[in-house]
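Here, each number is a calculation from the coordinates, and none is a lab measurement. Here the structure is a predicted model, which means the values were calculated and not measured. When we count neighbours, we look across all protein chains shown, and the Cβ atoms used for this are built from the backbone with ideal geometry, even at glycine.
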Amino acid sequence: MNPPPPDSSTLEEPVVDSSRAAKLQADLRKLDADIQAPMESFPTQRWLGAFGLAQIGAVIFLITFVYTIARGIGVWGNNNPVGWGFAITNFVFWIGIGHAGTLISAILYLLRQKWRTPIARFAEAMTIFAVIVALQFPLVHTGRPWLAAYWLLPLPNANNIWVNFRSPLLWDVFAVSTYALVSIMFWYTGLIPDLAAARDRAQHRVRKLVYGILSLGWKGSNRAWQHYEKAYLLFAGLSTPLVLSVHSVVSFDFATSVIPGWHTTIFPPYFVAGAVFSGFAMVATLIIIMRKYFKLQHVITLDHLDLMNRIVLVTSLMVGYAYMMELFIAWYSGVVFERFAFMNRAMGSYGWAYAIMVTCNVILPQLLWFKKIRRTIKFMYPIVIAVNIGMWFERFVIIMALHRDYLPSSWHDFTPTWVDYGMLIGSFGLFFTLLLLFCRFLPTVAIAEAKMDAPGAQPTGGHHE
Amino acid sequence: MISNEVPIHDDHVDPPSAAAMSRRTAMKMFSLTAMMGMVSGCIRKPTRHIVAMHDRPEYQQPGMPLYYASTWTEGSHPYGMLIKQIDGRPIKIEGLEGHPLNPNGKSTAQMQASLFGLYDPERLRSPQQGGQDITWPEADKAVADALRGARRVLVVTRTTLGPSEQALLARFRKAVPGAQHMAYEPAQDRDRRLAWQQIYGAAGEVTTKLENAKVVLSLDADFLGTDGDTLTNARGFAETRVPGAANFSRLYVAEGGMTGTGSSADHRIPVRPSTSAELAAGLLAALGGSSAALSASATKHGWDAKVLQALVKDLNANKGKAAVLAGPHLPAAVHGAVAQMNAMLGASGTTLGWNATPAAAIASAPADLAKAIAAGPEVVIFLGVNPVHDMPGADFGKALEAVPMVVAQGLTADETVSAATIALPAAHAYESWNDATVTDGVTGIAQPMVAPLFGGRQDADSLLAWTKALAPDDGALKATKDFHGFLQARWGLAQDKWEALLRKGYAGTAKNAALPAPREVAFPAPAAPAAGTHDVVLALHPQTVDGRFGGNAWLLETPESCNKVVWDNVAAMAPATARALGVSEGDWVTVEANGASVKLPVVPQPGVQKDTIVTHVGYGRTQGAGHGVGVGVNVAPLGSGVVAGKVSKAGGDKYLIAKTQHVFDQNASVTDQPMERHIAISGTPKAYEAYRKDVPDGPDGKPLSFPDTQKHKLALTQIDPEVDYSKGHKWGLAIDLNKCTGCHACLLACQSENNIVIVGKEEVAVGRDMSWIRIDRYEAGPEENPNILLQPMLCQHCDNAPCETVCPVNATAHTPEGLNDQIYNRCVGTRYCGNNCPYKVRRFNFFNYTGEQTTDPVQELRANPHVTVRTRGVMEKCTFCVQRINAVKFEAANKHVDVEDGAVVTACQQACPSDAIVFGDANVKGGLIETARGGDLAYHVLEEINVRPNVTYGARIRNAHPDLDDWKPGAHGHGHDGDKKGGH
């Protein structure tokens, strides 16, 4: 089989001395081997342990999912003022997690941020799995999912009943499904050269066959690379507005309502910033573990983590600004219901959740101003974990605006049940199941891109046209 | 277009042949067969009239309702009612218009809920002896044999036997010489009736004509809720609740507990019931000119002296237009003083009247019944009573064990029926012929609507069968086949006259006697309450009454009017008392009285007098109450009425209290700063007068209504294009908060009309109650004695309905007539509409409530066939009774006439005893809705968010006495009089 593509192009014109070229070749081969090592070795006990835990979670998810569909939404804690509870919190949380992937792979790509390379593949994978997990919730949270599954789509039907295009939930259907499809296509496009690399290294017939099929006959020709680069750029361009639109649309679920605490114009930018915030925190959370156990510290370096932490810090300031602006506008509006909604958010039945949210999302990330903290795993790790928790609570706090809206007579608190907790924990199980399978079967770092960015891989000097 | 792509008429589909029957078709066939079986089972009629449907009577059309006049005999007062029947099954109760007691055709909550009892699957289905099913002839033979040799026989019935039943009972007693009859009621106003008998010299009851009253004083009389002829009271009272009108009345209530009547009061004084004699005596003296005693008592007991002064002034100024009412559980001395007061006020003939009753209408004392059992009768027959459960005081079940032969007839295998030697299934009132003394001079007639569903037999038929067996030579009875025959023979009318009587529902005219002059009776002065005791009020429950509806799940799930507790009786006490005892909601207290001790869960209730504990009788059923078994605590061992009890904190885990409302302060906040929400708006006469002198203009240049001046009126901008509703109908509803007394009849009417499910205590506790209309209750002012505002809340059918825009599948949409429709079979249950409803009136089926609760096919017969029964995962809400609107429209279209304004009557409106609800077409110039909306008290709840609701509310004017009207000029923006934060 052909040697890896970057080699073939550099080898055509041996302008550098052969020892350097040989060293580069060796380096690149090592990169190949390092990145693909987890795919080619027998699963370690650690992986099996992690997978076992994730499987328990996934089974919990399956049980609670089926139980909910079999019995009805009543098995959750939802009630009449609080029509949405954990399910929509989880949905928004997971969709938010998904944002980092697209941001990293699309926007940073367009902005030529080279540092994105080592984390992009993983972040994209995370995006897709997060979206897959997120998509479970809108379906299961409906009272009659067997009808919702197709009545929410604008399919022609004999009754001539059309979907309601005024409903933000319908916008959600389009936004999220578009996002999921584009993300999957984008991800898969980026995977093709790496799948070919995996195919080329494969020893076993089945492996060769599977990766061979998946790599769609990639040969690494110049022409293929040209098409690939163009397609990748196109997808990056296509995905970029989606990063902004999806979470804006998700925020419309709340912003277009008349409920105090939901009815706010700040929601779209606030949700997008929050999504990027939680997404980066989740990427950092996962990648810190992955680089360690897959021994990729030299690929995903502290520099990368430092940059990610800066984004976490910036987005933390954005959401912090949004939190304060919400309070200010509620006061400034003079509307008694708005004022109460936000006072209640901070001091009502779920004031503790608000406190968690502010602590985790605004106060703790301020530590990232310090370079030492940004570059020290044991300091930054608790912070990104806290952001994950804080962002889940942010969505919970927003949805809990329902428990005290206009008429005090109908106020009622929400108390989650074991099914609610089961679905929350189970969703992590499902997510990690997918992620761990990904780590075993697909390259977690974009090999081709990593090679392009490897020291010495790009031509240097003046003889380049 | 979709219609071009999808073949709608497909000619190629052949009917499936039997051989090629698919599984799906087979299932269809199965269900069709099952349905047919069910439908044929549904058509149950009195046996004599049953006819095959192909040869149906010309008046009966399948699916079309028939209405039968009848008389409600299950309550303390017989009301005229109209029973709606479809395909042979009664499905709705309405009041009978023109009836002497409820001329507006109104009904009580219990009347509305009584259908639950008819179709209750708990009902006893066969006569039983020793737990074994026997046949009716076997049962009759056993009873007759026992009666034949018996020297002492005791028959125990309710006090409300009709004249024909009384006549039959007399025949029975003639046939059984040793028979003694006792009328038993667990919680009747017996003591008050006895006091009246002494005061007025004859058996009877004081009746009200509150429409003539300008000042009403109630001493612990819940006359709008549980006491006496509540429909007449509510009607009369409501007629005087028009702010600004010359007859605008003022209601003073001095009560220990917190009742629906107290909630409607203009001035309320918490008074410990055992000190009410002192209050009554003080007031009597004050009316006579010497107010020293009253002042002294006021200081001693902490009564509001200013209110009492105003009250005396008011009463004196309104002689001939005032009435004083006293509650049934107060000591005789109070009734004596009240009678004197009413005489001084000239109440007789104007605001109060007299209804003479037979002496038998007064129940026997429970102690006498216990004595009669102890005397060793050989046979005891219980007809429709349940003393084993609800006999106050002694353990009646134990005493009954000594009786060799106990015969008990009841609807369910309740505690007494279960304890009987021979248990007999009774026919429900709607399966029975009967008559009833409506009021002196008027007799109502009750006709069966359906053949007995479970092989039951009405009490009178049992008596008749036994009388016939024991007196075979009673010539007149020999020819009488059943009680129907007996009744008809006793009325002695020709067939056409008889049928006319059945159509009318009653005969005779009310005597409307004036209140006789009271005699001075020296009643013993009640002892002062002992130190360290509380007054424990064992009150009638506003929904389940004395426990006779203790198995009625509809009523059990209807909130207690004041504390909103469902599925329980609790110890309601002042928040201060609860704090002193160191208990909070859900903790337990032990109540000791009359040598008995009962553990009750606590609910702090603002407004309850601090030395008073209120609980309700009739709970704690152990048998034959279906869903009611195990609900609440039986407080009968404590006694009845008001008892002096010791209350102490009891241990035990927190008890789950299920309430339909948790926050009672409409200005509730999370800080000390109240949030002025202006949801239920009220004012006082001075504020209203000041407004009327100088009506300000709003931002749109139009004059503001009084409620609008209370809040910041915004000029609203419509973003969406305006929808033209000016053609055709535009439905609207209006509720007058001045008239609503919070009786919950509307809620039960809606439940019955719209097939609303019950969900059970745990689900209500989670917040999933399903009622489409609820009575919101807001309390303001000090927790010792808050001012109450009641506000019925239902779907507002907003023109800019926020629920409609958010539904992704178009399952809720607007009709051209302005209705906000909910399309159940399109709904996928995202619950977004419910979230986005500012009024939170949408109700979600979190489980398959209907399916899971339908344990017996008979329950399906109860459903109104014109309203879809909802399944799991579907949102539902008030439809403005769209089925009624359509019925009226179809009828008008068939007659080629226009629908008249007011022709459509919603179920809630139909039932409302105080006529607080009006429904009509807002497009009719000068029509009901336009009039209601044009009133200067009219407002819409939350109109500032521009959802444009279609339910108009009339702000409540709390008719404060001018001396006590705390409104001051310039005091603006007082949405709720009493500016302090509510109790909780």
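Close amide H partners of B:ASP776, meaning residues 5 or more places away or on another chain with modelled amide H under 5 Å apart, are B:GLN791, B:MET793.
Pairwise Cα distances in segment B:534-659 exceed 18 Å for 46 percent of all pairs. Efficiency by 1/(1 + (r/R0)^6): what FRET value for B:ARG173 and B:LEU493, r their Cβ-Cβ distance, R0 = 22 Å, to the nearest 0.05? The computed FRET efficiency comes out at 0.25. When the square roots of the Cα gyration tensor eigenvalues are ordered a ≥ b ≥ c, the ratio a/c for segment B:319-402 is 1.5 or more and a/b exceeds b/c, which makes its shape prolate.
For the pairs B:LYS106/B:LYS319; B:LYS659/B:LYS713; B:LYS319/B:LYS711; B:LYS739/B:LYS968; B:LYS214/B:LYS693, flag any whose C-alpha to C-alpha distance is greater than 28 Å. Mind showing how you got there, number by number?
Values: B:LYS106/B:LYS319 30 Å; B:LYS659/B:LYS713 34 Å; B:LYS319/B:LYS711 39 Å; B:LYS739/B:LYS968 26 Å; B:LYS214/B:LYS693 24 Å.
Those over the limit are B:LYS106/B:LYS319; B:LYS659/B:LYS713; B:LYS319/B:LYS711.
Based on the alpha-carbon gyration tensor of segment B:190-360 and its eigenvalue square roots a ≥ b ≥ c, which shape applies: rounded if a/c is under 1.5, prolate if not and a/b is larger than b/c, or oblate? In terms of gyration-tensor shape, rounded. Rounded to the nearest whole Hz, the Karplus-based 3J(HN,Hα) values (6.51 cos²θ - 1.76 cosθ + 1.60, θ = phi - 60°) of segment B:407-421 follow the sequence 10, 10, 10, x, 5, 10, 7, 6, 4, 6, 4, 5, 7, 7, 5, with x at glycine and proline. In order along segment B:106-113, the Karplus-derived 3J(HN,Hα) couplings, from 6.51 cos²θ - 1.76 cosθ + 1.60 at θ = phi - 60°, round to 8, 8, 8, 4, 5, 4, 4, 8 Hz, and Gly and Pro are given as x. The Cα trace of the protein assembly as shown gives Rg and Dmax of 38.0, 136 Å, the first to one decimal, the second as a whole number. Here, segment B:106-166 has an Rg and a Dmax of 16.7, 49 Å when only alpha carbons are counted. In terms of surrounding Cβ atoms within a 10 Å radius of their Cβ, A:LEU24, B:LEU411 rank from fewest to most as A:LEU24, B:LEU411.
Our coupling estimate for segment A:196-212, obtained by passing each phi through the Karplus curve with A = 6.51, B = -1.76, C = 1.60 and θ = phi - 60°, is 5, 4, 5, 4, 5, 8, 5, 9, 8, 4, 5, 4, 4, 5, 5, 5, x Hz, Gly and Pro reported as x.
Straight-line cross-link reach from A:LYS292 at under 19 Å between alpha-carbon atoms covers these aspartates and glutamates, not counting any fewer than eight positions away in the same chain: A:ASP32, A:ASP34, A:GLU40, A:ASP303, A:ASP306. Short-range pairs are left out: with C-alpha atoms under 8 Å and at least six residues apart, the relative contact order of chain A is 30 percent.
Cβ-to-Cβ counts within 10 Å put B:LYS925, B:LYS319, A:LYS371, B:LYS92 in ascending order as B:LYS925, A:LYS371, B:LYS319, B:LYS92, the fewest first. The angle separating the long axis of helix A:86-102 from the principal Cα axis of greatest extent in chain A is about 30 degrees. Only beta bridges with both residues in chain B are counted; by DSSP, about 60 percent of them are antiparallel.
With N set to the number of residues, divide the alpha-carbon radius of gyration of segment A:49-453 by 2.2 N^0.38 Å and report two decimals.
1.01
Based on the alpha-carbon gyration tensor of segment A:97-168 and its eigenvalue square roots a ≥ b ≥ c, which shape applies: rounded if a/c is under 1.5, prolate if not and a/b is larger than b/c, or oblate? Since a/c reaches 1.5 and a/b is larger than b/c, the shape of segment A:97-168 is classed as prolate. Of all lysines in the structure, the ones whose alpha carbon falls short of 20 Å from that of A:LYS295, not counting any fewer than 8 places away in one chain, are A:LYS30, A:LYS378, A:LYS451. Distance distribution note for segment B:58-110: the fraction of Cα pairs above 18 angstrom is 33%.
Computed over chain B, the Cα gyration tensor eigenvalues convert (square root of 5λ each) into semi-axes of 42, 41, 27 Å, ordered from largest to smallest. A straight Cα-to-Cα reach below 16 Å connects B:LYS321 with the aspartates and glutamates B:GLU211, B:GLU239, residues fewer than 8 places away in its own chain not being considered. Between B:LEU66 and A:TRP146, take the C-beta separation as r, use R0 = 41 Å, and let me know the FRET efficiency to the nearest 0.05. Step by step, r from the Cβ atoms, then E = 0.55. Note on A:SER349 and B:GLN853: their simple-model spin labels are 2.3 nm apart, each label 7 Å out from Cα toward Cβ. Neighbour counting of Cβ atoms within 10 Å sorts the residues A:THR359, B:THR671, fewest neighbours leading, into B:THR671, A:THR359. Amide H contacts for B:GLY641 (H built 1.01 Å from N in the peptide plane; partners 5 or more residues away or on another chain; cut-off under 5 Å): B:LEU538. Residues whose amide H falls under 5 Å from that of B:ILE91, counting only those 5 or more places apart or on a different chain, are B:LYS84, B:GLN85, B:ILE86, with hydrogens built in the peptide plane. Per-residue ellipticity at 222 nm from helix content only, as computed over the protein assembly as shown with -39500 (n - 2.57) for each DSSP H run of at least four residues, stands at -12500 deg cm²/dmol.
Using only the alpha-carbon atoms of segment A:236-316 as identical scatterers, what base-10 log of I(q)/I(0) does the Debye formula give at q = 0.10, 0.22 Å⁻¹? Reported log10 I(q)/I(0), two decimals: -0.35, -0.99. Do the alpha carbons of any pairs in A:LYS23/A:LYS208; A:LYS114/A:LYS230; B:LYS174/B:LYS478; B:LYS730/B:LYS889 sit beyond 20 Å of each other, and which pairs? Going by Cα-Cα distance, A:LYS23/A:LYS208 fall outside the 20 Å limit.
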